[in-house]
Every structure is written in structure tokens, then in C-alpha cells.
Amino acid sequence: MRVAVFSSKPYDVTFLTAANRARGHDLLFLEPRLALTVTRVPAYSPHAVAEHTIALILALNRKVHRAWARIREGNFSLDGLLGFDLVGRTAGVVGTGKIGAAVARILTGFGCRVLAFDPVPSPECLALGTSYVPLPDLLAASDIVSLHCPLTPETRYLLDGAALARMKPGAMLINTGRGALVDTKAVIEALKAGQLGHLGLDVYEEEAALFFEDRSWRILQDDVFARLLTFPNVIVTGHQGFFTAEALTAIADTTLQAVTEFEQGRIPTTAIRA
Ligand SMILES: NC(=O)c1ccc[n+]([C@@H]2O[C@H](COP(=O)([O-])OP(=O)(O)OC[C@H]3O[C@@H](n4cnc5c(N)ncnc54)[C@H](O)[C@@H]3O)[C@@H](O)[C@H]2O)c1
């Protein structure tokens, strides 16, 4: 393989060349440091993910996925399709940044009482009338819990077996944040026990091996994911929350703006600084 070795010192040349004798790679030694500029897209459309969150809530509540399949089979029975009014229900939003605040705004519009947990309360949510409470209180009081905090060592498995046990029996859990915010195996046990009434996922902790590709002809190897798909009260989408024309336009604009700034010799506004 052709390999460029940046920041090469004489001892790098000596030892890498010696180690390469038996391997035969094509090493190119360069003295300059590699200066890569890495940029990111910090925000695009929080509405895209927020609205997908609402789509999951409504579809699970009114069993749209089941009704759609039934009607195609000529089954017009309503048995098993009973939902509940969102007005007057309590929704818990975990993480009220850009996306969580948009979710809180929409749910407030539905007439829900919105509770939130976030170390940094959002002025917009406070103005909406959102009440900030400790996470255990949010879990105990909410009919719907929706996760919108980042995945960090602190939030990994935020919804583990103990947290799921604190939720209202039969409540709905929605995760459009990051897969590992929930312990999927514990979620499956909670679904089997009926403790969790509905589950909507746009993200999955092992999604890297599954999502964004057509795998319809391949044998599914992930038994945990396969078990999730057997529940009638679970909807999984493949990380499509961001996937709206508006969000993709914003992502493309921000990306090319960074390229233009770099070309002009400026540090892009969206550069990640070391
Ligand atoms: N499904 C998708 O397509 C998709 C797309 C974009 C982002 N996301 C996910 O949505 C998350 C939220 O995105 P955002 O743009 O709103 O981010 P953001 O940075 O605007 O908001 C994150 C919020 O979480 C809060 N927070 C941090 N630690 C917390 C904790 N331990 N408990 C509760 N709240 C905590 C922060 O204070 C902040 O208010 C992202 O981290 C990402 O994982 C998903």
C-alpha cells in the first residue's frame, strides 16, 4: 500500500524503513505536519427530527402501522387499534436543546403537559410552560418519554432496566437521539413484561452494522434487533429523522460554505478546533 508518513523524523525513516523490508509497502516520508481542517454541520433542521419524533408517537398511539397492513388484507376490524387522546397527557422530554425544544413546542400545541430534564433549561421551553423536574420524577409521571440528549459516558444506557421500571406502566418510549441512550436488552424485557407499552426507535445501538443499506436479501444476524421487530407495539425506522429536503439543503449549504471559507484562507466557522 502507498503510505504518506507526515512529520517524518530521521529515526522514523530508519525504523519504518527497516520494519518495511519484509512487508514491501510504498512509504513516502514527508517532513511537514499533516494539517487537516475538519469541519462539521452543528445544526441543520431540528424540525426534521422533532417532526419524525411526533410521527412515531402518533403512529404508535393510533396503531397506523397495524391499520395500514390490515386494510390491505381486507380486514376492517378496529379490535386492537384503540389509542388515546394526546390532549391532557404528560410528555417527558429528556434534553431540551434544538430538537428537544422543538418537540416540546409541538407537544404543547397538542395540549400535552410537558415535563423536561436537562442540566441547562431552555428559556424557550420555560416560556412555553415546560416544567423541569429530576429524571426519576419525569419517568414516573410521563405517558410518553422522548430522548433528545447527546450520547456521552454519562447518558449511555440512561434508560436501563432500573429507569424503565420507574416509568408509568404501559408508557411510551421514543428514542430519536442515539441508540445507546437505551439498553435494548432491558427494553425488550420491559416490553415482554408489559411495563413498556409502546416503543419508537429511529436509532439503535448496533445500527452501524445495519442501517443505511438495503439488506433485504441478507440473513439478519442481530438477534436482539430481530426480537425488537416481533413486537406489535414497536416501530423502528432506520435513522431517517434528519431526512427532509430542508435538512439536507442546510447540510449541503453549511458543508460548501466551509469549503469556500477554507479556499479563501480562512478558518471555517464550523471547523473543529483541536
Ligand atoms: N435521528 C436523527 O436523525 C438525529 C439527527 C440529529 C441529531 N440527533 C440526535 O439528537 C440529539 C439532540 O440534538 P440537538 O441538535 O437537539 O442537540 P443540542 O446540543 O441542541 O441539545 C442537546 C441537549 O441535551 C442536553 N443534555 C446534555 N446532557 C444531558 C443529560 N445528561 N440529560 C439531559 N439532557 C442533557 C444539553 O444541555 C442540550 O440542551 C443529538 O445529540 C443526536 O444524538 C438525531
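General observations
- Qualifying residue in the range 104-113 (condition: open to solvent by less than 10 Å² (accessible area, probe 1.4 Å), under 29 Å from residue 41 (Cα atoms), hydrophobic (A, V, I, L, M, F, W, C) and more than 13 Å from the ligand (Cβ to nearest atom)): yes
- From the list 189, 206, the one residue that fits, being closer than 22 Å to residue 140 by Cβ, over 11 Å from the mean Cα position of the chain (by Cα) and open to solvent by 10 Å² or more (accessible area, probe 1.4 Å), is 189.
- The range 67-125, residues that are in contact with a Pro (Cβ under 7 Å, 6 or more places away or on another chain) and touching a residue at least 60 places away in the same chain (Cβ under 8 Å): 99
- Among residues of the range 227-257, those that are surrounded by 17 or more Cβ atoms within 10 Å (Cβ to Cβ) and more than 16 Å from the ligand (Cβ to nearest atom), counted: 3
- Within the range 20-44, no residue that is over 30 Å from residue 252 (Cβ atoms) and of a type in the set (Gly, Ala, Ser) sits with its Cβ atom under 8 Å from a residue that is open to solvent by 100 Å² or more (accessible area, probe 1.4 Å) and more than 16 Å from the ligand (Cβ to nearest atom) at 6+ positions apart or across chains.
- On inspection, residue 133 fails the criterion of being touching a residue at least 60 places away in the same chain (Cβ under 8 Å) and open to solvent by less than 50 Å² (accessible area, probe 1.4 Å).
- If you go through the range 1-38 and keep only what is open to solvent by less than 60 Å² (accessible area, probe 1.4 Å) and assigned to a helix (DSSP H, G or I), you end up with 12, 13, 17, 18, 19, 20.
- Of all the numbered requirements in (1) within 9 Å of the ligand (Cβ to nearest atom); (2) open to solvent by less than 70 Å² (accessible area, probe 1.4 Å); (3) within 22 Å of residue 52 (Cβ to Cβ), residue 121 misses one, and that requirement is (3).
- Any hit, the range 65-81, residues being within 23 Å of the chain's Cα centre (by Cα) and more than 9 Å from the ligand (Cβ to nearest atom): yes
- Here residue 224 passes the criteria (1) at pLDDT 95 or above; (2) open to solvent by less than 30 Å² (accessible area, probe 1.4 Å); (3) of a type in the set (A, V, I, L, M, F, W, C); (4) more than 16 Å from the ligand (Cβ to nearest atom) except the one numbered (2).
- Filter result for residue 183 (in contact with a Gly (Cβ under 8 Å, 6 or more places away or on another chain), open to solvent by 10 Å² or more (accessible area, probe 1.4 Å), modelled with pLDDT of 95 or more and not aromatic (Phe, Trp, Tyr)): yes
- Meets criteria (touching an Asp or Glu at 6+ places or on another chain (Cβ under 7 Å), surrounded by fewer than 16 Cβ atoms within 10 Å (Cβ to Cβ) and small (Gly, Ala, Ser)) for residue 161: yes
- The residues in the range 150-173 that are more than 16 Å from the ligand (Cβ to nearest atom) and on the phi > 0 side of the Ramachandran plot can be counted, and the count is 1.
- The residue that is nearest to the ligand (Cβ to nearest atom), among those in the range 87-96 that are closer than 19 Å to residue 173 by Cβ and surrounded by fewer than 24 Cβ atoms within 10 Å (Cβ to Cβ), is 90.
- Scanning the range 262-273 for residues that are open to solvent by less than 50 Å² (accessible area, probe 1.4 Å), farther than 30 Å from residue 35 by Cβ and in contact with a helix residue (DSSP H, G or I) (Cβ under 6 Å, 6 or more places away or on another chain) turns up nothing.
- Helices (runs of 4 or more DSSP H) within the range 168-274 that include 3 or more residues closer than 25 Å to residue 107 by Cβ and not acidic (Asp, Glu): 184-193, 245-263
The values are calculated or read from the model by the stated rules, or taken from the named source; none is laboratory data. Keep in mind it's a predicted model, so treat the numbers as computed, not measured. Here Cβ is always computed from backbone atoms with ideal geometry, including for glycine, and neighbour counts include all displayed protein chains. Please note that ligands, DNA and RNA were not included when accessible areas were found on the heavy atoms of the full protein model with its side chains. Shrake-Rupley method; radii C 1.70, N 1.55, O 1.52, S 1.80 Å.
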